[in-house]
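The structure under discussion appears below in the form of structure tokens.
The values are calculated or read from the model by the stated rules, or taken from the named source; none is laboratory data. These figures come from a predicted structure and were not determined experimentally. Note that each Cβ is placed from the backbone with ideal geometry, even for glycine, and that neighbours are counted across all protein chains shown. Just so you know, the surface numbers come from the protein's heavy atoms only, side chains and all, with ligands and any DNA or RNA stripped out. Shrake-Rupley method; radii C 1.70, N 1.55, O 1.52, S 1.80 Å.
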Amino acid sequence: MKEKLQKLGELKREAEMGGGASRIEKQHAKGKLTARERVLLLLDPDSFEEIGQLVRHRSSDFGMEKTRFYGDGVITGYGTVNNRLIYVFAQDFTVFGGSLSETHAEKICKLMDLALKNGAPLIGLNDSGGARIQEGVKSLGGYADIFYRNVRASGVIPQISAIMGPCAGGAVYSPAMTDFTIMVEQSSYMFVTGPNVVKTVTNEEVSAEELGGAMTHASKSGVTHLTAQNDLDCIMQLKKLLSYLPQNCESTPETLAYDLGEEYRPVLKDIVPANANQPYDMRKVIAGIMDTDSFYEVHKSFAENIVVGFARIAGRSVGIVANQPASLAGVLDVDSSRKGARFVRFCDCFNIPLLVLVDVPGFLPGTDQEWSGIITNGAKLLYAFSEAVVPRVTLITRKAYGGAYDVMNSKHIGADMNFAWPSAEIAVMGAKGASEIIFKKEIKAASDPAKKLKEKEAEYAEKFAHPYLAAERGFIDEVIDPAESRRKLIKAFTMLKNKVDQLPRKKHGNIPL
Ligand code: HXC
């Protein structure tokens with residue numbers, strides 16, 4: 001027994017080191033933690049159980065038989081994060097650059113199968129040079145085996161990818177199919193083809209960082225939902241993200257203990273400016289309504305005209321989708337529609353109720369948007385809300401104009417409770433645009449057309465720029481004092497706690513992708 005343990009100790013050390021302490025030092029010199037340090041930091045102390053530590057590759061081409069490291073460049077296993085079961089794999093860059101061999105892939109697949117069958121989140125800590133070049137198609141097959149399982153597990157268990165080093169070629173498609181991606185700034189990148197290939201094919205000169213670094217994917221492509229300053233920050237954020245999520249699609253997120261108190265929030269009265277054209281930060285509304293410091297924003301730097309993220313209200317985890325008047329007046333465009341739709345669908349998969357805060361002047365006009373498919377992309381958000389069966393609550397703070405009123409979780413597409421502040425304006429379009437169209441002849445014939453337009457604008461605003469017509473029809477359930485918002489929303493989400501709703505029987509819907 002002692003011998004066995006000794007042997008295991010040695011193997012453990014070998015697997016850990018990937019064949020030499022200098023490799024660990026190299027990893028540290030790049031400002032990166034080792035794969036094992038990352039796993040141990042993520043999981044509760046003493047909770048990690050490793051699976052497949054003694055696995056070695058079977059390749060003998062290119063002299064590979066001489067370097068058969070235990071673990072084959074990936075640590076796989078399970079443990080707990082805040083006492084919840086989690087499956088985790090961590091690629092070890094110190095072993096063949098973390099590249100994915102046939103056996104490396106088998107280890108990840110085994111873990112994915114376990115995670116799926118046992119209904120617990122899967123976290124991938126990616127740090128890899130891609131397909132193991134010496135193994136050819138066997139490693140490509142290994143990637144496809146992983147992709148297939150990503151899709152099978154999608155919507156059943158939360159899957160989260162941390163990119164903590166290189167992630168290139170087809171390897172990027174596994175993270176892309178998981179629910180959330182977080183990239184470490186400066187030390188990670190993702191691209192289908194690297195700078196050299198880009199230069200050959202398009203003659204563009206671009207650095208790896210610029211092409212596929214964390215900030216590029218956070219702000220330009222939206223490929224990553226989150227960024228981290230370093231490995232430690234990345235692991236801490238993974239833990240935070242997990243805290244809002246349930247174990248699987250059959251369970252609900254943990255609700256933290258909360259005793260109701262004075263829930264009146266006067267600060268909410270002063271956020272919306274008197275001038276309807278003046279911007280304000282919707283995050284202030286979120287902060288005023290939700291539990292203190294509970295908002296965890298995702299996709300922060302991408303499509304900033306919509307804000308999405310998780311927060312808690314009276315201890316309950318809620319997904320927030322909010323127009324952002326501080327960016328492009330909160331208009332809906334291609335990117336914000338895609339961003340919102342993806343988030344809504346995630347929350348619906350995992351029983352996370354939705355709070356939608358509305359201040360939207362409509363869809364962004366222009367050739368750029370039309371030619372980029374604002375029709376199909378806007379439809380994604382409409383579709384996502386319409387098919388969501390989780391509790392859905394809307395609060396209109398100011399504008400809700402045109403098609404965007406319908407799209408932003410209106411009563412008509414299945415929202416459960418719809419509130420509006422007295423400052424809400426619910427109409428087909430803004431007073432100026434509407435007056436220019438319907439009073440065109442009258443304005444043209446007037447001795448002072450500009451004065452007439454102003455008069456008509458005021459007439460239109462008086463008739464439509466408020467929430468009371470919508471409330472009269474029951475499209476708004478209640479017009480509320482802003483300071484009462486938190487209290488009203490706590491009550492609404494509590495009332496909706498046991499909501500049961502189902503879509504008609506089908507294989508799956510056909511969202512306009
Ligand atoms: C085998 C690899 C490897 C790979 C790196 N290594 N990538 N071994 N297969 N894919 C090894 C190196 O030989 C080296 O071994 C060690 O890992 C560290 O690599 P370095 O190059 O010294 O590190 P660094 O300078 O940091 O550069 C990292 C890197 C570079 C940028 C990732 O190694 C690189 O460009 N690798 C190839 C990337 C690639 O083209 N992969 C295939 C993508 S296509 P020693 O023994 O010297 O320490 C793909 C298809 C997937 O993945 C398709 C799925 C559908």
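Things to note:
- With a cut-off of 20 Å on the backbone N, the residues of the stretch 478-511 near the modelled label site 7 Å out from D259 along Cα-Cβ are 487, 490-491.
- Stokes-Einstein D (µm²/s) once Rh is taken as the Kirkwood radius of the stretch 361-410 over alpha-carbon pairs, at 25 °C in 0.890 mPa s: 205 µm²/s
- Principal axis box of the chain, alpha-carbon based, largest edge first, Å: 96, 59, 45
- Other-chain or far-sequence residues with amide H under 5 Å of V298's (modelled H): V308, G309, F310
- Sites excluded, chymotrypsin sites (Phe, Trp or Tyr not before Pro) in DSSP loops with at most 13 other C-beta within 10 Å, longest stretch of the chain: 1-257
- Measuring against 31 Å, Cα to Cα, the residue pairs K32/K110; K32/K300; K117/K220; K107/K506; K220/K380 contain K117/K220; K107/K506 as the ones spanning a longer distance.
- Surface share of carbon and sulfur [accessible, 1.4 angstrom probe, percent] for the chain: 54 percent
- For the stretch 155-255, DSSP calls about 10 percent of its internal beta bridges antiparallel.
- Accessible surface, per residue, of the chain when the full set of protein chains is kept, probe 1.4 Å, Å²: 47 Å²
- The stretch 224-383: antiparallel DSSP beta bridges as a percent of all, rounded to 5: 70 percent
- Remark on K399: its backbone amide H falls under 5 Å from those of V360, E425, a criterion applied only to residues 5 or more positions apart or on other chains, H modelled at 1.01 Å from N.
- Karplus-derived HN-Hα couplings along the stretch 462-467 (A = 6.51, B = -1.76, C = 1.60, θ = phi - 60°), whole Hz, x at Gly and Pro: 4, 7, 10, 7, 7, x
- Cα gyration tensor category, rounded, prolate or oblate, for the stretch 165-211 with a/c compared to 1.5: oblate
- The string of couplings for the stretch 249-262 from the Karplus curve (6.51, -1.76, 1.60, θ = phi - 60°) is 6, 9, 10, 10, x, 5, 9, 7, 4, 8, 9, 4, x, 7 Hz, one whole number per residue in order, with x for Gly and Pro.
- Global geometry of the stretch 414-453, whether rounded, prolate or oblate, following the gyration tensor of its Cα atoms and the 1.5 cut on a/c: prolate
- The DSSP beta bridges internal to the chain are antiparallel in roughly 35% of cases.
- Note that the stretch 366-371 has calculated 3J(HN,Hα) couplings of x, 5, 4, 5, 5, 6 Hz, one per residue in order, obtained from phi through the Karplus relation 6.51 cos²θ - 1.76 cosθ + 1.60 (θ = phi - 60°); glycine and proline are x.
- Net charge, L354 excluded, C-beta distance under 10 Å - Lys, Arg +1, Asp, Glu -1: -1
- For the chain, the longest site-free run once GluC sites (Glu not before Pro) in DSSP loop states with at most 14 other Cβ atoms within 10 Å are removed: 263-513
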